[in-house]
Number of protein chains: 2
Amino acid sequence: MTPPIVAVIGGGQLARMMTPPATALGITLRVLVESDQASAACAAHETVVGLPTDPDAIERLLAAPRPDVVTWEHEHIPADVFEACEKAGVPARPGLEALRFAQDKIQMRARMDELGLPNPAWREVRSAADLEAFLADNGGTAVLKTARGGYDGKGVRIVSSAVEAKDWLDASANGGPRLLVEAKVPFTRELAAQVARRPSGEVRTWPVVESIQRDGVCSEVISPAPQLSAERAALAQEVAARIATELGVTGVLAVELFETADGLIINELAMRPHNSGHWTIEGSVTSQFEQHLRAVLDLPLGDTAPLAPVTVMANVLGGSRSHLEGSHAEAADAGAKVHLYGKGVRPGRKVGHVTVTGTDSEQTYARAVAAATIVRDGGAA
Amino acid sequence: MTPPIVAVIGGGQLARMMTPPATALGITLRVLVESDQASAACAAHETVVGLPTDPDAIERLLAAPRPDVVTWEHEHIPADVFEACEKAGVPARPGLEALRFAQDKIQMRARMDELGLPNPAWREVRSAADLEAFLADNGGTAVLKTARGGYDGKGVRIVSSAVEAKDWLDASANGGPRLLVEAKVPFTRELAAQVARRPSGEVRTWPVVESIQRDGVCSEVISPAPQLSAERAALAQEVAARIATELGVTGVLAVELFETADGLIINELAMRPHNSGHWTIEGSVTSQFEQHLRAVLDLPLGDTAPLAPVTVMANVLGGSRSHLEGSHAEAADAGAKVHLYGKGVRPGRKVGHVTVTGTDSEQTYARAVAAATIVRDGGAA
């Protein structure tokens with residue numbers, strides 16, 4: 001047997017961060033990158049330049065020596081890719097039967113209902129009348145979403161009337177993305193439960209985290225979620241493990257949850273390493289990136305125990321500087337672990353993150369935010 | 001300013017393990033590898049194939065965009081390389097003024113004497129008579145060494161008479177390696193003190209470790225060294241910090257020490273990441289590989305605090321299997337962190353290591369050794 005080859009579709013920071021554990025485990029990581037300037041391009045062991053919609057690029061990705069498995073760092077994988085994998089005899093993990101629930105929010109909500117898992121009130125929207133009826137029944141304001149293609153707050157809109165959604169409704173009626181509407185959940189905060197599952201069935205969960213969002217984008221993650229009751233933490237982990245098992249997910253699954261006064265409600269699913277799990281690189285015995293590789297190769301999963309009482313991850317959301325340096329943050333805090341993604345800086349774009357481990361949630365949070373701010377803006381605190 | 005480029009001479013596992021922190025810090029790692037099959041070749045961001053003795057290869061390593069600094073993963077760096085770096089205006093770190101003490105054991109012993117640091121009895125050996133005189137004065141048995149080129153027990157021989165050293169003495173008299181002889185130290189165990197120093201002077205030390213050797217090769221490392229008195233630990237760290245400062249070392253320095261009933265004696269110096277520091281990848285806030293990059297770039301050094309009460313590293317010394325897999329070890333111990341070096345397996349060759357963190361030295365040691373054995377031999381325990 002030769003060393004395993006894992007093919008990854010998508011050349012962003014998630015593929016980039018799969019590389020270190022791949023190197024350690026003797027796995028060759030072959031990444032389909034959009035360009036040779038992609039975040040993962042310089043880090044990957046082998047690269048194929050192309051888009052997942054390009055059959056030639058997929059053919060090169062699957063060429064001999066054939067990968068042992070194909071996986072993804074985002075959900076926007078055309079059905080043709082699954083056919084190509086099947087034809088080449090290379091397993092695709094997670095498979096389309098699972099991934100479609102992360103690709104399509106209508107399918108996801110319907111499946112959660114079938115499983116009796118906690119959804120908000122929701123319905124598919126085929127017309128202005130559908131939307132108006134839902135608004136009338138649900139307090140007059142709701143969350144309209146495109147079923148596919150959204151991320152980081154894109155494809156999501158708060159609406160109080162069908163008029164405000166005319167463009168999306170028209171587009172949808174003319175072959176554009178299908179729409180769904182969800183009740184606005186009166187949540188107190190957002191949580192995420194992350195789990196890994198391998199094809200042979202083993203499942204492991206990480207501690208449940210709090211995810212702090214600004215303008216629809218994850219800003220910081222605190223692990224474990226402060227002051228979360230043991231009962232709710234266990235419930236969140238059970239929900240994540242149940243979804244992974246019932247949907248046949250292979251690899252890492254993140255379940256984003258709303259915490260309300262009454263309990264938990266499922267927000268979104270991501271079937272890949274996820275921003276809410278970056279803390280695991282320093283904060284857990286096994287990182288989400290290593291675990292994803294182990295899971296898709298059907299290797300035994302690693303221990304998910306935390307390494308410190310508290311770990312906080314703060315995203316570096318691009319500012320006005322053209323080039324980032326971690327050294328300023330390091331100067332201010334020798335314990336800050338800086339991760340730069342090698343991406344061009346645009347305002348609000350995720351261009352890196354910082355992780356700090358500690359013993360106190362508030363202090364550790366303040367350190368992580370301060371270090372991420374320094375990476376973004378330059379200069380020592 | 002563009003992202004920094006660090007050039008590394010040597011394509012073994014030490015350069016390979018510099019890659020993950022380089023990726024995280026947005027540093028481009030350009031590695032001079034002996035072949036495209038070298039351990040570091042697939043992991044490095046850029047590779048130049050060639051030997052450090054080849055001026056063309058060095059020219060390509062230093063070509064534009066010029067690296068910000070050149071460093072090494074071994075000490076066997078010809079003086080010509082330093083001249084080429086100077087001509088190109090690229091700093092070499094550690095510089096020759098420091099590195100020569102790691103390259104040449106006679107220079108090292110003489111310098112330690114000058115600094116009043118704890119040497120064994122020793123002398124340079126220019127003739128059989130020199131050696132016989134030393135043996136007569138030092139109990140009849142001693143350690144003969146070549147001044148240059150030794151590693152992992154090579155270039156070291158226990159002798160009781162000059163006859164046993166005839167080949168080396170003859171070679172030395174005919175332009176071969178110079179020789180030195182050292183008293184056999186009645187040590188109870190071996191320790192290592194690791195330290196990093198940046199050009200602007202900042203120094204940070206890691207906890208002092210115990211290094212267990214078999215047949216002259218490091219087998220396991222326990223951090224911190226069990227039952228080491230606080231006084232001796234502090235002394236070992238002071239010795240390492242003093243050597244780093246007095247010799248002007250930039251980068252990571254490992255000082256191997258003998259512990260005796262009476263105190264500590266310096267064994268060897270390594271001016272690069274070292275096997276005794278592999279435990280820092282999982283066991284310390286800042287790994288030796290990240291710290292070396294920060295130090296040679298003159299960036300602020302990272303926190304060296306341990307992350308767990310005990311960390312044990314066990315080397316995988318090659319057996320008879322042609323291909324190693326970490327998955328067996330992972331099956332037996334979900335907390336074992338496996339590092340494979342992508343090297344061909346030869347008996348006794350360092351082909352990987354396993355790290356386990358825990359709370360109890362003996363249990364953690366047993367787990368690490370068991371996992372390393374499984375990686376070497378295959379099959380679950």
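The values are calculated or read from the model by the stated rules, or taken from the named source; none is laboratory data. Given the structure is predicted, the values throughout are model-derived calculations rather than measurements. Backbone-built Cβ (ideal geometry, glycine too); neighbour counts: all protein chains shown.
Look through the range A:329-369, keep the residues that are among the basic types (Lys, Arg) and in contact with a strand residue (DSSP E or B) (Cβ under 8 Å, 6 or more places away or on another chain), and return whichever of them is nearest to A:GLN37 (Cα to Cα). Here the answer is A:LYS343.
Just wondering, is there one or more residues in the range B:11-24 that are farther than 18 Å from B:LEU247 by Cα, touching a Lys or Arg at 6+ places or on another chain (Cβ under 6 Å) and in contact (Cβ under 8 Å) with a residue 24 or more places away in the chain? No.
Which members of the range B:164-180 meet the condition of being surrounded by 11 or more Cβ atoms within 10 Å (Cβ to Cβ) and part of a helix (DSSP H, G or I)? If you could, list the steps in order and put the result at the bottom.
Residues of the range B:164-180 surrounded by 11 or more Cβ atoms within 10 Å (Cβ to Cβ): B:164-166, B:168-173, B:176-180.
Those that are surrounded by 11 or more Cβ atoms within 10 Å (Cβ to Cβ) and part of a helix (DSSP H, G or I): B:GLU164, B:ALA165, B:LYS166, B:TRP168, B:LEU169, B:ASP170, B:ALA171, B:SER172, B:ALA173.
For the range B:329-355: of the residues being part of a strand (DSSP E or B) and in contact with an Asp or Glu (Cβ under 9 Å, 6 or more places away or on another chain), which is surrounded by the fewest Cβ atoms within 10 Å (Cβ to Cβ)?
Among residues in the range B:329-355 that are part of a strand (DSSP E or B) and in contact with an Asp or Glu (Cβ under 9 Å, 6 or more places away or on another chain), the one surrounded by the fewest Cβ atoms within 10 Å (Cβ to Cβ) is B:LYS350.
Number of residues in the range B:242-301 that are under 20 Å from B:MET18 (Cα atoms) and acidic (Asp, Glu): the value is 3.
Please indicate, with yes or no, whether at least one residue in the range B:356-369 is surrounded by fewer than 21 Cβ atoms within 10 Å (Cβ to Cβ), modelled with pLDDT under 95, charged (D, E, K, R) and not in a helix (DSSP H, G or I). No; the residues of the range B:356-369 include none that is surrounded by fewer than 21 Cβ atoms within 10 Å (Cβ to Cβ), modelled with pLDDT under 95, charged (D, E, K, R) and not in a helix (DSSP H, G or I). Checked against the criterion of being in a helix (DSSP H, G or I) and among the polar types (S, T, N, Q), the range B:27-50 has no qualifying residue. When the range B:336-363 is filtered for residues that are of a type in the set (S, T, N, Q) and more than 13 Å from chain A (Cβ to nearest Cβ), the ones remaining, listed by number, are B:SER361, B:GLN363. If only residues of the range A:1-26 that are polar (S, T, N, Q) and either in contact with a Leu (Cβ under 7 Å, 6 or more places away or on another chain) or buried (at least 24 other Cβ atoms within 10 Å of the Cβ) (or both) are counted, the one that is nearest to the other protein chains (Cβ to nearest Cβ) is A:THR23.
Looking at A:GLY149, A:GLY89, A:GLY95, which one is in contact with a Ser or Thr (Cβ under 9 Å, 6 or more places away or on another chain), touching a residue at least 12 places away in the same chain (Cβ under 8 Å) and not aliphatic (A, V, I, L, M)?
Working: A:GLY149 fails: in contact with a Ser or Thr (Cβ under 9 Å, 6 or more places away or on another chain); A:GLY89 fails: in contact with a Ser or Thr (Cβ under 9 Å, 6 or more places away or on another chain).
Answer to the check: A:GLY95.
Only helices (runs of 4 or more DSSP H) whose full extent lies in the range B:221-328 are considered here, and the ones with at least 2 residues that are in contact with a strand residue (DSSP E or B) (Cβ under 7 Å, 6 or more places away or on another chain) and surrounded by fewer than 22 Cβ atoms within 10 Å (Cβ to Cβ) are B:230-246. Which members of the range A:76-107 meet the condition of being exposed (fewer than 14 other Cβ atoms within 10 Å of the Cβ) and more than 26 Å from A:ASN267 (Cβ to Cβ)? Within the range A:76-107, A:ASP80, A:GLU86, A:LYS87, A:GLY89 qualify.
Of all residues in the range B:27-75, those satisfying the criterion of being surrounded by 24 or more Cβ atoms within 10 Å (Cβ to Cβ), over 11 Å from B:VAL6 (Cβ atoms) and within 12 Å of chain A (Cβ to nearest Cβ) are B:SER39, B:ALA40, B:ALA43.
Of all helices (runs of 4 or more DSSP H) completely enclosed by the range A:64-163, which ones contain at least 2 residues that are not assigned by TED's automatic domain parsing to the domain that holds A:GLY12? Let's see the steps before the verdict.
Numbers: elements: A:79-88, A:96-103, A:105-115, A:128-137.
Once the helices (runs of 4 or more DSSP H) in the range A:64-163 are filtered for at least 2 residues that are not assigned by TED's automatic domain parsing to the domain that holds A:GLY12, what remains is A:96-103, A:105-115, A:128-137.
The condition of being farther than 28 Å from B:GLY283 by Cβ and within 13 Å of chain B (Cβ to nearest Cβ) holds for only one of A:ASP333, A:ASP303, A:ASP262, A:ASP298, that being A:ASP298. The numbered conditions (1) within 30 Å of A:VAL310 (Cβ to Cβ); (2) at pLDDT below 95 are all true for B:GLY335 except (2).
Restrict the check to the range A:14-22 and report whether at least one residue is part of a helix (DSSP H, G or I), farther than 30 Å from B:GLY335 by Cβ and outside the structural domain of A:LEU297 (by TED's automatic domain parsing). Within the range A:14-22 (the criterion being part of a helix (DSSP H, G or I), farther than 30 Å from B:GLY335 by Cβ and outside the structural domain of A:LEU297 (by TED's automatic domain parsing)), the answer is no, since none of the residues qualifies.
Check B:SER200, B:SER229 and return the single one that is farther than 17 Å from B:SER287 by Cβ and within 14 Å of chain A (Cβ to nearest Cβ).
Numbers: B:SER229 fails: within 14 Å of chain A (Cβ to nearest Cβ).
Selected residue: B:SER200, the only one of B:SER200, B:SER229 that is farther than 17 Å from B:SER287 by Cβ and within 14 Å of chain A (Cβ to nearest Cβ).
Residues in the range A:182-220 that are touching a helix residue (DSSP H, G or I) at 6+ places or on another chain (Cβ under 9 Å), more than 22 Å from A:THR355 (Cβ to Cβ) and surrounded by fewer than 23 Cβ atoms within 10 Å (Cβ to Cβ): A:GLU182, A:ALA183, A:ARG198, A:PRO199, A:GLY201, A:GLU202, A:VAL203.
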